[in-house]
Amino acid sequence: MYWGNDLKPGKRFIMDGEPYEVTSYAQKVVGRGGSIINIKAKNLLTGANIPKTLSDKDSFEPADIATRSYDYLYNDGENYYFMNQETFEQVSLTQEVLGDAMYFLMDGDKVMLQEFNGNPINVNLEPSTVLEVMETPPGEKGDTATGGKKPATLTTGLVVQVPLFVNIGDKIKVDTRTHEYMSRA
C-alpha cells in the first residue's frame, strides 16, 4: 500500500483500475492539516500524462508490472509486433502506446516489454542505441569554429541534429531519452 507521500518519481501505482508511473512530485506542508501533494503521472496503458492533487492520507495499491524479453519483429504502419522469447507468442502494440520508442526499434532487436496483468503495455529502451544515417546534407568545409550542426534522418525516420562531419551511411549513437546525437558508433 502506498500513501500519497510515498509516490515519488518512478513509483508505479493503480488509480481507477489502471497503472500509472509518477513522473514528478511536489509536496506542500499545510500546518495541522497534513500536506498537499501534486504529482504528474503517466498512464502506462494510454501514455497520457495527468496532473493530480492528493493528500498524504490518500492510499493506492502498487502496480504489479512485470518485464519480459521479446524480439521486435516488424510493423505494419499502425501496429508493432513482438514475439515472446519463452512462449513464441506474438503480441502487438500501437504507435500511440509506443510513442517515441518506435523511432528506436530495428527489426530483430531484443527488447524488454512491460506487462500489466499479463498484457504488454510498454517498451523499456536501453539508454542509447546505434542507428544509421540515411539522409543528411553535406557539411561545409571550414565551418567548425562554431561547432555547427545539421539535421540527419536515420533509418527509423527519426531526425536528429548531428555535427557537420557526419555523412550518409555513418552509424551514430543516439540517446533514447533526449533524442540527441552522442557519438559515432
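The numbers here are math on the coordinates, done by the rules we state, and not lab data. The model shown is predicted, which means the values in this text are computed figures rather than measured ones. In this analysis, Cβ positions are derived from the backbone assuming ideal geometry, glycine residues included, and neighbour counts consider all displayed protein chains.
Which of the residue pairs Lys11/Lys173; Lys150/Lys171; Lys42/Lys110; Lys42/Lys173 have a Cα-Cα distance greater than 18 Å in the structure shown? Lys11/Lys173; Lys42/Lys110; Lys42/Lys173, as the Cα separations exceed 18 Å there. Along segment 11-25 the Karplus relation, 6.51 cos²θ - 1.76 cosθ + 1.60 evaluated at θ = phi - 60°, assigns HN-Hα couplings of 6, 10, 8, 9, 9, 6, x, 10, x, 10, 10, 6, 9, 8, 9 Hz to successive residues, with x for each Gly and Pro.
Split the chain at each of the GluC sites (Glu not before Pro) in a DSSP loop with at most 11 other beta carbon atoms within 10 Å, and the longest piece is 1-77. Of the chymotrypsin sites (Phe, Trp or Tyr not before Pro) found in segment 64-141, the ones in coil according to DSSP and having at most 15 other Cβ atoms within 10 Å of their Cβ are Phe88. Cα gyration tensor of segment 2-62, axes a ≥ b ≥ c as square roots of the eigenvalues: rounded (a/c below 1.5), prolate (a/b > b/c) or oblate? It comes out prolate by the Cα gyration axes. What stretch of the chain, leaving out the sites themselves, is the longest with no trypsin sites (Lys or Arg not before Pro) in a DSSP loop having at most 13 other Cβ atoms within 10 Å? In short, 58-140. Taking a ≥ b ≥ c as the square roots of the Cα gyration tensor eigenvalues, segment 74-131 comes out rounded, since a/c falls below 1.5.
Just checking my list (1) 1.39; (2) 0.97; (3) 1.30 against Cα Rg over 2.2 N^0.38 Å computed from this structure; which label fits? Label of the calculated value: (3).
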